[in-house]
There are 2 protein chains.
Amino acid sequence: MKKLINSPETFVKESMEGMVLAHPDILKAHFDPNFLYRADAPVPGKVAVISGGGSGHEPMHGGFVGKGMLDAACPGEVFTSPTPDQMLEAARTVNSGAGVLFLVKNYSGDVMNFEMAADLARAEGIRVLNILIDDDVAVKDSLYTQGRRGTGTTVLAEKIVGAAAERGYDLKRLADLARRVNINGRSMGMALTSCTVPAKGSPTFELGEDEIEIGIGIHGEPGRERIPWKPADEITEMLALSIIEDPAYTRVVREFDEEKGEWVDVELTDPPFQPGDRVIAMVNGMGGTPIAELYVVYRKLHFIAEAKGLKIVRNLIGNYITSLEMQGVMITLLRVDDEMVELWDDPVLTPALRWGI
Amino acid sequence: MKKLINSPETFVKESMEGMVLAHPDILKAHFDPNFLYRADAPVPGKVAVISGGGSGHEPMHGGFVGKGMLDAACPGEVFTSPTPDQMLEAARTVNSGAGVLFLVKNYSGDVMNFEMAADLARAEGIRVLNILIDDDVAVKDSLYTQGRRGTGTTVLAEKIVGAAAERGYDLKRLADLARRVNINGRSMGMALTSCTVPAKGSPTFELGEDEIEIGIGIHGEPGRERIPWKPADEITEMLALSIIEDPAYTRVVREFDEEKGEWVDVELTDPPFQPGDRVIAMVNGMGGTPIAELYVVYRKLHFIAEAKGLKIVRNLIGNYITSLEMQGVMITLLRVDDEMVELWDDPVLTPALRWGI
């Protein structure tokens, strides 16, 4: 295993230290428990937005901490859920009194630990709501997931919800927006190569010399199928059509009902894409993919979207939610309305996303 | 060979098309000969800044076309110099009458073809000056280079010189600034893995399972030494000290003397770094390196710079000048004065670098 690390044990902490040394104006770090948070937190009157998950997906989430996006990010070890004490301490640190929204990718460990942290924080008088991201159309019920996995839509949700928090949305309105982003976003990815978790030291899975995996998860979880390599246009078509032609998807998620003071089951349905829909399109590298190749994918995606009557009104092309050094690509399409587009365009200042500032 | 391309023959063109489809507000493409150029070119009264070189180093240079940076970028085939007709047609397209500055990385083919293009453009009455970037301290006289190779400083030069052009610097003043950036910038890189040029289909060089190469060139040219893998801190120290302790470097470059109307030899000396120097530090991934690892490198670089009395006043961490999917890192340090810092902070709007807009 050849990586630019000192040891698997120090990797996450040293990477966090590097981020803070590089961007002291944007973020600070808390260690034991570990989280990154906005340098100016708590921001008076603002709902705090917190996310987190296993490390190895950078820049998500730490790279999205800053003005207009996240107030805090809680990194677990590589591909390992963060623990409740991380989210609890982060919530205490960034809560201004206006409450906290947890944005949680749908992996069983993350869901459980964020729920536990929310209960602990509420016991201390901090208002917390959790919204789940479960947008990966590839498979249902995966290695670490009941239902659909949470992937690319998380990035777009953090930007849009972060901007809304900055504008002063209250906690309830912010949670409604986050839920609306989730049910309108869909993703699917693929891998050309595997990746190696530092603590394990060998590839997470094996792919043949000429083999690719369609529908891969961001931890290397099995996808839909392994097939021989295909040209980028065909790969793009497989991903894009899986997303665009995905039928309505209904599932039950757990959310906290503040009026009842308890967790409740909520049925959510993702409406299918329709001609005329406006979308934000993300073409996301899995960590080891040259950006020039991502533009080859975007080119084909543009033509497919056009043929299907979808209008790409904004795009994001680069490595935003990754699987260490994996080569591959994920496509995310998010159906947007005027409000979401306006929020997308709002200024943002984070290590990984920056405009208008 | 598994890549997200359709064929080696169409790769560069389709990637350019993807960029234009994704960023029509920022850039346009010209094909046969190939170049990307600012959507609003020519900008009245502004000197045009043009760069280029072999493809495979993206986002450099096409990703740096836009307001506050390049007016045009001329991509050759992967790891192959662009031809004079590309730079000539680009100069014709973006010249507002205020002249054109060519920023040229020091590779023999690039140098020759940009000189030829400059002569052809001058024959048409377009004022052109060429400034060379030769900042790689690793080796002198390499596979494709006489003297030092041009690498990371190119990115910083394109930002700073681009901002100055936007502010209205005239051609002579802009060339003086570009030369000053070059002699104050130094880089050195290393590779954990090789990379595969699409047209060849097999790795450019071979590295053993536990072997790394220190001082690698951006086309995989041999560096200083091949050694067993070391922890990131030790690798960072090797690169940073090679840069910081590099003695004064004197060489002769060819520049066009407008008063004499001919190419002349100019002797340039890079002054060594001194305690008290302020620097912009770039920690650049070679294309396939996870950003979390780049922050581990930045962490150590910060401490080394501090111990050496250098003050890092700005930083850039990410994949900016790459070698396809190569894993590895390059460090660039640029000694800056107030003028360069101000220009660095100026707004920029390109596909790969964006702030203030």
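The values are calculated or read from the model by the stated rules, or taken from the named source; none is laboratory data. All values derive from a computational prediction rather than experimental measurement. Counting neighbours? That spans all protein chains shown, and the Cβs are built from the backbone with ideal geometry, glycine included.
The table for this structure:
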quantity: Strands (runs of 3 or more DSSP E) lying entirely in region A:170-271 (those with 1 or more residues that are touching a residue at least 24 places away in the same chain (Cβ under 8 Å) and within 27 Å of A:S81 (Cβ to Cβ)); calculated: A:185-191, A:211-214, A:249-257, A:262-270
quantity: Out of B:I317, B:I304, sole residue that is in the same structural domain as B:S194 (by TED's automatic domain parsing), more than 17 Å from A:I291 (Cβ to Cβ) and among the β-branched types (V, I, T); calculated: B:I304
quantity: Residue selected from region A:202-217 under the condition of a type outside the set (D, E) and within 12 Å of chain B (Cβ to nearest Cβ), by the criterion surrounded by the most Cβ atoms within 10 Å (Cβ to Cβ); calculated: A:I212
quantity: Count of region A:130-178 residues which are closer than 21 Å to A:E245 by Cα, under 17 Å from the mean Cα position of the chain (by Cα) and among the basic types (K, R); calculated: 2
quantity: The listed residue being surrounded by fewer than 20 Cβ atoms within 10 Å (Cβ to Cβ) and at pLDDT 95 or above, out of A:G162, A:G152, A:G125; calculated: A:G125
quantity: Test: A:I312 is surrounded by 15 or more Cβ atoms within 10 Å (Cβ to Cβ), within 12 Å of another protein chain (Cβ to nearest Cβ) and closer than 20 Å to B:E17 by Cβ; calculated: yes
quantity: Residue, farthest from the chain's Cα centre (by Cα), within region A:218-236, restricted to residues that are within 22 Å of A:V296 (Cα to Cα), crowded, with 16+ Cβ neighbours inside 10 Å and more than 10 Å from chain B (Cβ to nearest Cβ); calculated: A:R226
quantity: Some residue of region A:32-50 being touching a Gly at 6+ places or on another chain (Cβ under 9 Å) and closer than 17 Å to B:L294 by Cβ; calculated: yes
quantity: Sole exception among (1) over 30 Å from A:E77 (Cα atoms); (2) buried (at least 24 other Cβ atoms within 10 Å of the Cβ) for A:T322, by number; calculated: (1)
quantity: Residue ID - farthest from A:D32 (Cα to Cα), chosen from residues in region A:87-101 that are in contact with a helix residue (DSSP H, G or I) (Cβ under 8 Å, 6 or more places away or on another chain) and hydrophobic (A, V, I, L, M, F, W, C); calculated: A:A98
quantity: Residue among B:M116, B:M69 that is under 23 Å from B:D257 (Cβ atoms) and not acidic (D, E); calculated: B:M116
quantity: Residue in region A:130-168 that is farthest from A:S323 (Cα to Cα), counting only those that are of a type outside the set (V, I, T) and in a strand (DSSP E or B); calculated: A:N130
quantity: In region A:331-357, residue surrounded by the fewest Cβ atoms within 10 Å (Cβ to Cβ) [restricted to those that are of a type in the set (D, E, K, R) and more than 11 Å from chain B (Cβ to nearest Cβ)]; calculated: A:D338
quantity: Region A:34-81, residues that are over 24 Å from B:G285 (Cα atoms) and of a type in the set (A, V, I, L, M, F, W, C); calculated: A:F35, A:A39, A:A41, A:V43, A:V47, A:A48, A:V49, A:I50, A:M69, A:L70, A:A72, A:C74
quantity: Scan of region A:256-304 for residues that are small (G, A, S) and either in contact with a Ser or Thr (Cβ under 6 Å, 6 or more places away or on another chain) or within 12 Å of another protein chain (Cβ to nearest Cβ) (or both), ordered by number; calculated: A:A281, A:G285, A:G287, A:G288, A:A292
